[in-house]
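Visitor: Submitted below is the structure of interest, expressed as structure tokens.
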Amino acid sequence: MDMAAAAAVWFSAIAAVLLAASTIAVVVVAKMTGKRNGGAAAAAAAAAEAELPLPPVVSGVSLIIPVITRGPMAVADELYVKLGSVFTVSFLGVVKATFLVGPEVQGGFYSRPESEVHQGGTYRMTVPMFGRGVMYDVDVATRSEQIAVCFEALRPTKLRSSTVTMVRETEEYFAKWGEQGTVDLKRELDLLILTIASRVLLGKEVRETMFADVVASFHELMDNSMHLISLCFPNLPIPRHRRRDTASARLKELFSRAIQLRRGSGRAEDDVLQRFLESRYRDGRAMSDNEITGMLIALVVAGQHMSSSASTWTGAFLLRDPKHLAAAVDEQRRLIGDDRVDYDALTTGMSTLHRCIKEALRMHPPAPALVRTVRRGFAVWTREGKEYRMPAGHSVVSYAAFNHRLGYVYRDPDEYDPERFGPERKEDRVAGKFSFTAFGGGRHACLGEHYAFLKMKVIWSYLLRNFELELVSPFPEVELNNIMLGPRGEVMVRYKRRKLTST
């Protein structure tokens, strides 16, 4: 990693911590309220907790040069070896970010309720993207109901019927390729994944009447939202944010038109838009059009980068490693008896391909670090047998990119080895349920995990069955000019059509 890249990673992390710390005033009020409402039992627990020591502290300012010269992963590893699995990085004593290293200590991050570990402040940058009245612009209770609606809409039983649509869109997309040629795999997969989302999530009205406009507006939104300045100062009146706001407004306008077309048709389609239209809050109120359009933007934003990045990394790793590519192709050869890939084959018959994608996600989680703020203090036990106090006001950091490469959890962690997830090794389970957190975990597990794996396996099963592929550009490096990391630059692949036959 060069110096500029290392600096970008480190300063992005600092910015995230600073943003989380900006909610400290709210945290203090919440903590005071919690004490008033908790009664004697809560007071006793708080008193016992106060007797515990704080985690060891290191100056964040002192780490800046080492991170630039040696890289953030090397510095994190040095701190972990020296200080243990829980340590605090203090920025001039004002902002304190406590890093949780290893699956044993992640429960405090992923499983505690919002009243204790708060995530809202970190995600304020999404409000201009999704619009007012949805997700991180509403109170916790309303947001929980909106997330529950999304969870129900993406439930595996609901997605079974969407598999046919995913397969059809994939077949039609690759039918446009020639007999042979060279393409930018990253660009092709990004567009195909957005194509699938437009039909499965947004509905046929978007897919058939306004798709090109949606694609252009979505890319404009993403290009002007996922940057450091937007993370720290999402409402700063700069040209980039004006372009972002214009793109968001255009998407809401397009999705509002799709809602009108759906209602006017009198049809009930099998897609997420329909499920939003039919959903109700607990008080019986229907979701407003503003809420529906905002939630649709949120779903596409949440899923697009992750799926596009993971699909591209999967391809790059497989095309660099003949052994694992051959294993994935052989699995498809065994399944070739069916003319079409169906839901059962995707979910139960493609374990090798599933592991290949999961290993790409382990090595390159799209969100390398997550930051939350402690509202109500709690205690944490470390792997080393120590107990520390996590006080209100601290930020807590789950550094997935580092946790996924711990040698005591994953054997040869810097090697691409999908078989580590196989039945004989199960490396992601041996050390605990938070060993693999590319999709979060606990209360904060990603509700779109099943949907993401489903569409990525649809795409890669088709590519492996129908094309010989060769990576002709250098293996991609990590893109660091974006707060959501992915492959940098073009990922050029040479393809040649062929029909895979069964053995």
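Visitor: Could you provide, to the nearest whole Å², the per residue accessible area of segment 3-497 with probe 1.4 Å?
Guide: Working: 20790 Å² over 495 residues.
Each residue of segment 3-497 exposes 42 Å² on average to a 1.4 Å probe.
Visitor: Kirkwood hydrodynamic radius of the chain from all distinct Cα pairs, in Å? If you can, show how the numbers build up before the last one.
Guide: Values: mean 1/r = 0.0416 Å⁻¹.
Kirkwood radius, the chain: 24.1 Å.
Visitor: Now for a different question. In segment 57-141, what chymotrypsin sites (Phe, Trp or Tyr not before Pro) fall in a loop by DSSP, with at most 10 other Cβ atoms inside 10 Å?
Guide: Working: sites: 80, 87, 91, 99, 109, 110, 123, 130, 136; in loops: none.
Those that pass, being in a loop and sparsely packed, number zero.
Visitor: Still on this structure, I have one more. In µm²/s, what is D for segment 202-246 at 20 °C and 1.002 mPa s, where D = kT/(6 pi eta Rh) by Stokes-Einstein and Rh is the Kirkwood radius from Cα pairs? Spell out each step's value before the answer.
Guide: Numbers: Rh = 11.6 Å.
The estimated diffusion coefficient comes to 185 µm²/s.
Visitor: Are there GluC sites (Glu not before Pro) in segment 134-220 that DSSP puts in a loop and that have at most 16 other Cβ atoms within 10 Å, and which ones?
Guide: Values: sites: 145, 152, 169, 171, 172, 179, 188, 205, 208, 220; in loops: 179.
Answer in residue order: 179.
Visitor: Find the Cα radius of gyration of segment 161-319, compare it with 2.2 N^0.38 Å by division, and give the number to two decimals.
Guide: Numbers: Rg = 17.2 Å, N = 159, 2.2 N^0.38 = 15.1 Å.
That works out to 1.14 for segment 161-319.
Visitor: Run the numbers on the chain and let me know its relative contact order in percent, using alpha-carbon pairs under 8 Å that are six or more apart.
Guide: Working: 774 pairs, mean separation 125.8, N = 503.
Contact order relative to length: 25 percent.
Visitor: Here's something else I'd like to know. On a 0 to 90° scale, report how tilted helix 211-223 is relative to the longest principal axis of the chain, with both axes built from alpha carbons and the result rounded to the nearest 10.
Guide: 30 degrees
Visitor: So what are the ³J(HN,Hα) numbers for segment 443-448, from phi and the Karplus equation (6.51, -1.76, 1.60; θ = phi - 60°), rounded to whole Hz, Gly and Pro as x?
Guide: Along segment 443-448, the couplings run 5, 10, 5, 5, 6, x Hz.
Visitor: How large is the Rg to Rh ratio of segment 300-356 when both quantities use alpha carbon positions and Rh follows Kirkwood?
Guide: Value, to two decimals: 1.02.
Visitor: Oh, and also: Can you compute the radius of gyration and Dmax for segment 381-427, using only the Cα atoms, both in Å?
Guide: When restricted to Cα atoms, segment 381-427 yields Rg and Dmax of 14.9, 43 Å.
Visitor: Continuing with this model, one more query. Considering only protein heavy atoms and a probe of 1.4 Å, how much of the accessible area of the chain is carbon and sulfur, as a whole percent? Write down the numbers at each step before the final one.
Guide: Values: 11900 of 21550 Å².
After summing per-atom areas, the C and S share lands at 55 percent.
Visitor: Now a separate question. With a 1.4 Å probe and every protein chain left in place, tell me how much accessible area residue 277 has, in Å² to the nearest 10.
Guide: Here the residue's solvent-accessible area equals roughly 40 Å².
The values are calculated or read from the model by the stated rules, or taken from the named source; none is laboratory data. The shown structure was predicted, so the numbers you read here are calculated from the model rather than taken from an experiment. Glycine gets a Cβ as well: all are built from the backbone with ideal geometry, and neighbour counts include every protein chain shown. Calculation scope for accessible area: heavy atoms of the full protein, side chains included, ligands and nucleic acids excluded. Shrake-Rupley method; radii C 1.70, N 1.55, O 1.52, S 1.80 Å.
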